[in-house]
Amino acid sequence: MVPADEDGGLMRMDLLSHPIEGLEAALDAVDAFDSTLVQGLLRPRPAQGAALARLADAVAGTPLGGRVAEVSARVAAGAAGEDDFVALAAARESLLGSVHDALTARIDEAAGRARSEGPTDGVVGLREHAPHLLAASRTWLCDLARRGWRGIDHELVSGAGPVVSAMLPDLALRRPATLLDGFVAELAASCPGATLEHLPVRRWADLWSRAVLLTVPGAIVAPAAEAATGRLLPIGVDLQEHATAVQAQVHAVFEPAGDGPSRLVRAGVSAPKPDTVVGAGVWQLLRPRLSLLAAVSEGRSMDLDAMPVTAEGDLLWDDARARPGGPADAFATARVTLSAATADPVAPLDRHPVRIAVPVLFEGYAARSEGGRLAFDVGGSPLTVDMDRVTSAGPLTPEAVVASRACIALLRWDAGQFRLQPLAVETTVRKKAVAVHAGAWAGGTTDKAGVRAEKAATDAVAVLRERAGKLLRK
């Protein structure tokens, strides 16, 4: 909640709690289709045919309606071809895209924020690039849909290995190759599917449908970018870790030089990592790749000079085009400029509820337990706080969140409701007001806990390098 007397707007919490017309129906149709992939579509049963018809009904009246109606009948009869599976994946993704659009529209309305209607198309579609690899990927994905999650085994899953290996070295195909590589690894770790007690039905259907669409010629595009010159004001860092990779995404407000409106932007950096490097140690892997992390820790702005930025608000970071600016307090930025900053449109293939992550500022709340989970009560409307998303590579703790009086967070949508992922809070420590940031250690720290964690990570990396050196000498 941003007080109206500080140049901000008032966050309409009632809008976040009200149901959105058609949302449940769209998600139910998606769930129905996802259930057909559990047993596979080689020999569909009547229940699977009904689920496919439900998907067709959900997109009736859209440009996909007639095509999907034909395809669903053909697939229900067990006569599906590759183009039919592509049409089903497109229908599923279009429904999730409509859910994404409805949710973001509700967030924009609640926050009083405008959204740009600019183009999101890339500049170059790779229509003729490696068509044989894309076709081979699509063939394997269609075989996977025919077998279903219960039918996966090591022979089926390993069939994707040569295709993925051929795609990974090609930078133009890195996006579908990385997706397929991770998907194949998950499936391989879950074989045989017939013995699995729990299936991640929605997740695997998400990965499958997205991978199918990325194999369509022209779906992969190079992002269109323009030059951004002005001041960048960081407001928080979202750190995402995997056993073998780490990614940091800095959310910020960009104030262009001149009279243009400010806009919400992101700058991301990722790196491979050993599974022994965890916690604060991961920052060591990211700092050399993104000077912006130092500015986050120091509470400073960055001055950009012709920095490339896509129509979706992603900065294509180049250290040569950025230099440190003056002091910039994240909470001052959030109070003064966050609600007025324009949000950029989202590319069609990226419109999915799981990708929603909108920076917001909340004040005037009371932290309390809601169903065993932390929640902010704002004017009688509880909003769940997702502490599981808060990184351990920083000083932000549940105790600090509970004691806070202001919070910068990412507003997400998960498990059928809006949730908050705290990025920073204002709280009181020893009768003194302080700000605690999840990314406070991004550029380095003198905090005792952070120093100990970084030293442990440094020692682990040194041991790994020594062992790698011995192996190479042998």
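The values are calculated or read from the model by the stated rules, or taken from the named source; none is laboratory data. Remember, predicted model here, so these are calculated numbers, not experimental data. Cβ coordinates were reconstructed from backbone atoms using ideal geometry, including for glycine residues, and neighbour counts include every protein chain displayed.
What's the total number of residues in the range 21-45 that are crowded, with 20+ Cβ neighbours inside 10 Å and not hydrophobic (A, V, I, L, M, F, W, C)? Walk me through how you get there before you give the answer.
So in the range 21-45, the residues crowded, with 20+ Cβ neighbours inside 10 Å come out as 29-30, 33-34, 36-37, 40-41, 44.
Those still in the list that are not hydrophobic (A, V, I, L, M, F, W, C) too: 34, 36, 40, 44.
Residues meeting the conditions: 4.
What single numbered condition from (1) under 17 Å from Asp319 (Cβ atoms); (2) buried (at least 19 other Cβ atoms within 10 Å of the Cβ); (3) basic (Lys, Arg) fails to hold for Arg289?
Condition not satisfied by Arg289: (2).
Scan the strands (runs of 3 or more DSSP E) fully inside the range 371-460 and keep the ones with 2 or more residues being more than 25 Å from Arg12 (Cβ to Cβ) and within 26 Å of the chain's Cα centre (by Cα).
Hits in the range 371-460: 432-437.
Test Val425 against the stated conditions and say whether it is outside the structural domain of Thr333 (by TED's automatic domain parsing), at pLDDT 90 or above and more than 17 Å from Gln249 (Cβ to Cβ).
Considered against the rule, which asks whether it is outside the structural domain of Thr333 (by TED's automatic domain parsing), at pLDDT 90 or above and more than 17 Å from Gln249 (Cβ to Cβ), Val425 comes out as yes.
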